[in-house]
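See structure below.
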Amino acid sequence: MAAGGSAAAALGAYIVFEDEAGFAMTPPHARTWGRRGQTPVVRVRGRSRRRISIAALCCCRPGERSRLIYRPRFHLLLKGAPKSFAWQDYRDLLVRAHLQLGAPIIAVWDNLNTHRAAGMRKYAASHEWLTILQLPSYSPDMNPVEGIWSWLRRGPMANTAFTDPDHLTRTLRRGLAHIQRHPELIDDYLTETGLTLTPDPPKPIRKGQ
């Protein structure tokens, strides 16, 4: 558990699972239909170093509609250009989620070095609305965001011959928008982790109150 937040701030908070993934012009392979005896072939452009990274949040709270909030990063083909998210990017994403959800946040993510950066820990410690929890090492099966990546690669991204980076971007945005319109998918991915969200039991009322 990382520093930040308090038990009081956690009351009524959203549980926010975070993860990031990269997507390239080369499409992921998936099963498809084809004529008997003929192997399906997907023709794509030559090698391209253009990539898009997505940091996504699955936001869950008992009794509330689950939400997906994400932030893209477009990799620039320039010397010295950043190739991954900085801790400030994760901070800004959490701030955006806090504003959209209108509630405290318990952020749950892996042990990525950027997640454990001193600046991130200091920021969490100074803001009561934010609590950060670290997942155990090597436990992607405990993060529902992994289900989103799997669905994108098996669905909208699979066997797609991307014509240019804009085509890749549009496909990703459409896929993520679909999940945003269908919060039951996020609930299913959470169920697959084996984790459950249960509200705090009501406190007993003493006589005379």
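Bear in mind these aren't lab numbers, they're just calculated from the coordinates by the rules spelled out. Every value quoted in this text rests on a predicted model; they were computed, and no experiment measured them. Virtual Cβ from ideal backbone geometry, glycine too; neighbours counted across all protein chains shown.
With the crude spin-label approximation of a point 7 Å out along Cα→Cβ, what separation in nm comes out for His182 versus Arg65?
1.6
Given a Förster distance of 41 angstrom, what is the FRET efficiency for Arg35 paired with Asp141, based on the Cβ-Cβ distance and rounded to 0.05?
0.65
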